[in-house]
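Visitor: For reference, the structure I am asking about is given below.
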Amino acid sequence: MKRLEQPLNLIAETDPKIINQIRRLLPGGLVVEISDYALAWFDVKMGICFFGQSHAKTATVADLALTIVHETCHARVDNWGIAYEGSNRLRIERLCIGSEITFAEKLLTKQAIVQAEIDALQKQRNELRESDFDEKSFKAMHRKDVLRKSRWIGKQSSYWLRRFVVLRTRKRMKKLRDTHRR
């Protein structure tokens, strides 16, 4: 969990508005998942941003901060009542990548981040295709997610580990919030 404190501090220093959104929109906090289902994902029902274990371990602090900003944007869109389904998916992903670009540009002025990262994000946003987010693709991804969750749920000990991590993350986010209020 220490690994996620640095990107949160970077976000707090760069754009305090986003830290406030994280506190409000991700009440479950940030959790490093044992599996590597994806780099990261936002769970609407639990209000938690999950990170794949290898991404959390290998990504730079700036990459993790950008991922947090992206997933917070998903939470914000969900809070507006816009469902992540059908034709909305492509627009939502473009919006989320756009929020990463905006944050990266702010970082660029505060810290030495390579312009290539911003260019790569813009290229990624431009290359998104409707077919990447159509019903068939989304259902296939959902089936994998259900399988992953059912394997995970079957392990009782994992539940308690995850619960512990969620509670610990909330405690650390509260500590971080209190630190930045001073």
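Visitor: Net charge near Glu117, counting Lys/Arg +1 and Asp/Glu -1 over other residues with Cβ under 12 Å of its Cβ? It would help to have the intermediate numbers written out before the result.
Guide: On the way: positive: Lys123; negative: Asp63, Glu100, Glu105, Asp119.
Here the charged neighbours net out to -3.
Visitor: Would you kindly state how much longer the chain becomes between Thr60 and Arg91 on full extension, computed as 0.36 nm times their sequence separation minus their alpha carbon distance, in nm to one decimal?
Guide: Values: separation 31, 0.36 × 31 = 11.16 nm, distance 2.69 nm.
Extra length from Thr60 to Arg91 when fully extended: 8.5 nm.
Visitor: Which order do peptides 78-91, 58-71, 4-17 fall in by mean Cβ count within 10 Å, highest first? Kindly include the intermediate steps, with their values, before the conclusion.
Guide: Working: 78-91: 12.6, 58-71: 20.8, 4-17: 17.9.
Highest to lowest by the protection proxy: 58-71, 4-17, 78-91.
Visitor: Here's a follow-up. Rounded to the nearest 0.05, what FRET efficiency is calculated for Gln53 and Asn126 with R0 set to 25 Å and r the Cβ-Cβ distance?
Guide: Details: r = 30 Å, r/R0 = 1.20.
It comes out at approximately 0.25.
Every number in this text was worked out from the coordinates using simple rules, so none of it is lab data. All values reported here derive from a predicted model rather than from experimental measurement. Virtual Cβ from ideal backbone geometry, glycine too; neighbours counted across all protein chains shown.
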